[in-house]
Amino acid sequence: MVIDQKRAHERILFESFMAVIESQETVSQQQLFPHTFDLNAADAELLRSVLDDLKALGFDIRDFGNNSFIINGTPAMLDNSSPLSVIETLLEDIKSSASDLKEKAREKVAASLARASAISYGYNLKQEEINQLIDQLFACATPNFSPTGKQVLTIVPIEHFEKLLK
């Protein structure tokens, strides 16, 4: 079995974010040092349009005026040292989305947030982390596909490897 670790992590995070939205029990981890950032006018307007959805996921982001925002808290389940990079990636993902954001907005924000905060390709996991990732993946309702519909895992017959190595 071959598992794409980034897509697997996206699936795990997506289902976690959707569970938080459905339960309406958000847990936000407050930042010790809130982070202020500026956006261009178009990105600021886009962020304003999804602030309620981000709040439902556990973000505490406030509009500071003049296209400035402050991040006071992030979802407790988000294990990322740079919430700003997650927000920037989220905005880029939303901008590149071909569909209308209003339709299934929270699901799209959860999918974009999962993509933005998933572990990167090439990141070496320890054996314990690999085991945990696999356990969490197979606990998902849809472990075979990422939130964007890409294949997460495939089973390769041993005969295929034997042919490659001969």
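Where a number appears in this text, it was derived from the coordinates with a stated rule and is not lab data. Computed from a predicted structure; not experimentally measured. Virtual Cβ from ideal backbone geometry, glycine too; neighbours counted across all protein chains shown.
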Taking the 0 to 90 degree range and rounding to the nearest ten, how far is the long axis of helix 127-138 tilted relative to the main principal axis of the chain, both from C-alpha atoms? 80
Over segment 41-83, how many percent of alpha carbon pairs lie in each 5 Å bin up to the one with the longest distance? 6, 23, 30, 24, 13, 4, 0
Which value, in debye to the nearest 20, describes the size of the charge dipole of the chain about its Cα centre when Lys and Arg Cβ atoms bear +1, Asp and Glu Cβ atoms bear -1, and nothing else is charged? 340
How big is D, in µm² s⁻¹, for the chain by Stokes-Einstein at 10 °C and 1.306 mPa s if Rh is the Kirkwood radius over C-alpha pairs? 93
Mind pulling the angle between the C-alpha long axis of helix 83-96 and the longest principal axis of the chain? Nearest 10 degrees, somewhere in 0 to 90. 80
Helix 105-117 axis, angle to the chain major axis (alpha carbon atoms, nearest 10°): 70
